[in-house]
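Down below is the structure, laid out as structure tokens.
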Amino acid sequence: MIIALVLFCMLALMLIGVPIAFTLGGMGLAMLMIADFSPLIASQALVSSVDSFILLSVPLFLLMSNVLLKGGVGTDLFNAVQSWVGHLPGGLGIATILSCAFFAAISGSSVATAATIGTVAIPEMIARNYPRHFVFGLLAAGGTLGILIPPSIPMIVYGVITEESIVDLFMAGIGPGIFLVLMFTAYSVFFALKNKPAQQQATKSADVKASFNERYKATMRASPVFILAAVVLGGIYGGVFTPTESAAIGLMCALLIVFIRKSLTKKNLHKAIMESLQTTVVIFMIIAGAKIFSKAITLYRIPQDITELITHNISSVGLFILVVCLVLLILGFFLESISMLLIMVPVLLPSLSALGIDPIWFGILFVIMIECALITPPVGLNLFVIQAVGKADITEVIAGVYPFILIMFFAVISIYLIPDIATYIPFKM
Amino acid sequence: MKTLIDQINRYCALFGAYLFFSIGLIIAYEVGARYLFNMPTIWVEEIARVLQLWGCYLSMGWILKNRKMIRITILIERLAPGAAKIAELFSITIIAVFSVITIYYASIITLESIAIDRHTSSMLGLPEWLFDASIVLGFFLLLLQCIAEFMKICQGQAINFNAEHDI
């Protein structure tokens, strides 16, 4: 009864347009006061939720991504990758996905990845007659790699909530990241081969294989990005830096890169800083609200009741994952990624241990499902990013993303059946 | 009055933004000090956390002013202007009530921290009120912005669900 009432109030407040952070925080505070718990808990939660050294990596990774985005490094990266694969069937599509994957390795945000690569790839692909819906779908989906391939802001938030190792989560994201890159690439090639007329037009001007000299020059020009990725990920994996320190070093390297390239004006640096602030504060406010809500529902024993409900009715891990995925899919139509994470994970966490599910493996499945949410209408954030970057109609973008959503479902099923795709690198290497 | 509140929150957000940027600088300095000079600091981690708290909470008013908080707008965007106005006023009231309660209880915690001279249990041992006061001031600024936004809507200003930055 209480669960239904809480759910009803939460949904009603959200639909009226109350910000998610204050829906969660307000509900939590009201629940505390109604049950005569001290509201001081809420004020303490507001401090403790943001007073975290691990969470500092969120603004720093955002700053790094935004500096690189405003500094125009996407062009160099895309040109370098294109020089190697641009002549293949569906070559520009492959180049786009690989560029997204490389940028994802230096960015924790899907929006930054979609915007950076989209700015360069969309005009190029459209100029070469690739169907518009395919281009927009490819970029919107490619951008989501930003939160699966480490570093990843949702993984940091997931690690903070579940108190799991963020390094393990990052490492677990590499296998599924590569898997999705391969799937997206295969689809691009398949699409190019299937749409012969479009493909013939598309490759007309791009089928000239770049010479070794051209490839060398393009790769050298993009090399700082590859070095930056190696420093950020190598530093974390090698135990040289914590994720937060790695983000700070990455930010300094990003500033150095754009300074040497002379590609970032003061005005754009200021914009990058302000946009990072906006995203950071929005995420932190939801985290703070969710912390209050999570404290309140724990005192009401709601997660325990849900766990009991789940363990009595759902005996297999497969069914549990299926139900979670369906709920996430539905939530994804209305909620954005961090909100989904912060609402669902504290509630589901006790059930994971009850069913013997590895939280790292589950975290990866969860991140892929919230990747889907980023490209499912009507509130998929990447749809709007690509709409803005590509000056497109939103219906064109939506029409292009469906094959990629199916590929993501396939990835979820594959990782469920073969957990090693996610767990091999962190636990068996 | 409204413009003054807008301006105060705008400058607080600017200050907050550069606090986050400075966190990047001091953490990079810490890594350099540790690996290049073999002299790890005792202040970077804790100062960075304090700056993060202040940077975040000082900027909330500006985020509200620019309608950048994440929320579901599918329904309210389709409402008639009058109904949308009521929904928006209701949202702002919820935020304002939350802010008032938070200011009250966070003030109790802050004053208690000052009264008993509570410090963090770290090598730096910063006063706890440095952390707690960010909530009081941050939510006070948010409350001011709520009042300003409430007045703007009552005076007929159109609601923009996707406002752009003003900085």
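The values are calculated or read from the model by the stated rules, or taken from the named source; none is laboratory data. Predicted, not measured: the structure shown is a model, and the values here were computed from it. Neighbour counts are summed over all protein chains in view; Cβ atoms, including those assigned to glycine, are modelled from backbone coordinates with ideal geometry. Surface accessibility is based on the protein's heavy atoms, side chains included, excluding ligands, DNA and RNA. Shrake-Rupley method; radii C 1.70, N 1.55, O 1.52, S 1.80 Å.
Counting only Cα atoms, the size of segment A:310-406 along its three principal axes is 49, 22, 20 Å, in decreasing order. Computed over segment A:1-43, the convex hull of the alpha-carbon atoms projects to a mean area of 3.0 nm².
Axis angle, to the nearest 10 degrees, between helix B:81-115 and the longest C-alpha principal axis of chain B: 30 degrees. Of interest is the spacing of the C-alpha centroids, which for segment A:44-123 and segment B:6-30 amounts to 23 Å.
Helices in chain B, meaning DSSP H runs of at least 4 residues, each add -39500 (n - 2.57). Divided by all residues, the mean residue ellipticity at 222 nm is -24500 deg cm²/dmol. What total accessible surface area, summed over both chains, is buried at the interface between chains B and A, computed with a 1.4 Å probe and given in Å² to the nearest 100? Result for this pair: about 5000 Å² buried.
As a length-normalised measure over Cα pairs under 8 Å and 6 or more apart, the relative contact order of chain B settles at 32 percent. For segment A:124-183, the square roots a ≥ b ≥ c of the C-alpha gyration tensor eigenvalues yield an a/c of 1.5 or more together with a/b exceeding b/c, which makes the shape prolate. The share of Cα pairs per 10 Å bin across segment B:1-60, counted from zero up to the longest distance, runs 24, 37, 23, 12, 4, 1 percent.
Label-to-label distance, A:I330 versus A:F190, with points set 7 angstrom from Cα along the beta-carbon direction: 2.9 nm. The largest-to-smallest principal axis extents of the Cα set in segment A:164-286 are 49, 38, 31 Å. Between B:H119 and B:E128, the built amide H atoms are under 5 Å apart, and every one of these is 5 or more places off in sequence or on another chain.
Each residue, B:Q157 and A:F8, gets one label point 7 Å from its Cα in the Cβ direction; the gap between the two is 3.7 nm. Restricting the calculation to Cα atoms, segment A:82-139 yields a radius of gyration followed by a Dmax of 10.9, 31 Å. Which angle between 0 and 90 degrees, to the nearest 10, do you get for helix A:91-104 versus the longest principal axis of chain A when only C-alpha atoms count? Rounded to the nearest ten degrees, it is 50. Charged side chains reduced to their Cβ positions (Lys and Arg at +1, Asp and Glu at -1) give the protein assembly as shown a dipole of some 1820 debye around its Cα centre. Dimensions of the protein assembly as shown along the principal axes, based on C-alpha atoms and rounded to the nearest Å, stand at 73, 59, 56, largest first.
Summing charges over all other residues whose Cβ lies under 12 Å from the Cβ of A:L56, with Lys and Arg as +1 and Asp and Glu as -1, gives -4. Cα centroids of segment A:221-300 and segment A:1-41: 31 Å apart. By the equivalent-ellipsoid construction on the alpha carbon gyration tensor, segment A:256-302 comes out with semi-axes of 41, 9, 4 Å, ordered largest to smallest. Using only the Cα atoms of segment A:338-395, each taken as one equal point scatterer with no solvent, compute I(q) by the Debye sum, divide by I(0), and report log10 of the ratio at q = 0.17, 0.23, 0.28 Å⁻¹. Result of the Debye calculation: -0.64, -0.89, -1.11. Over segment B:49-153, all Cα pairs binned in 5 Å intervals from 0 give whole-percent P(r) values of 2, 12, 18, 19, 15, 11, 9, 6, 4, 2, 1, 0, listed from short to long. Take the alpha carbon gyration tensor of segment A:228-306, find the square roots of its eigenvalues, order them as a ≥ b ≥ c, and report rounded if a/c is under 1.5; if not, report prolate when a/b exceeds b/c, else oblate. Judged from the Cα gyration tensor, segment A:228-306 comes out oblate (a/c at least 1.5, b/c at or above a/b). Hey, with R₀ at 22 Å, roughly what FRET efficiency would A:S48 and B:I42 work out to, going by the Cβ-Cβ distance, to 0.05? According to the calculation, E is roughly 0.55.
Taking every DSSP helix (H) stretch of at least 4 residues in chain A, weighting each as -39,500 (n - 2.57) and dividing the sum by the residue count yields a mean residue ellipticity at 222 nm of -26500 deg cm²/dmol. About the centre of its Cα atoms, segment A:265-365 shows a dipole size close to 520 debye [charges on the beta carbon of Lys, Arg (+1) and Asp, Glu (-1) only; nearest 20 debye].
Model label points for A:A127 and A:K209, set 7 angstrom from Cα along the Cα-to-Cβ axis, are 2.4 nm apart. The eigenvalues of the Cα gyration tensor, multiplied by 5 and square-rooted, give segment A:37-168 an equivalent ellipsoid with semi-axes of 37, 13, 13 Å from largest to smallest.
Here the Gaussian network model covers chain A, with springs between Cα atoms less than 10 Å apart; of A:T96, A:T113, A:T307, A:T307 fluctuates the most. The residues of segment A:1-31 occluded by other protein chains by 20 Å² or more of accessible area, set against the chain on its own, are A:L13, A:M14, A:L15, A:I16, A:G17, A:V18, A:P19, A:I20, A:F22, A:L29; surface from heavy atoms, 1.4 Å probe.
Between 0 and 90 degrees, the angle of helix A:73-85 with respect to the longest Cα principal axis of chain A falls at about 60 degrees.
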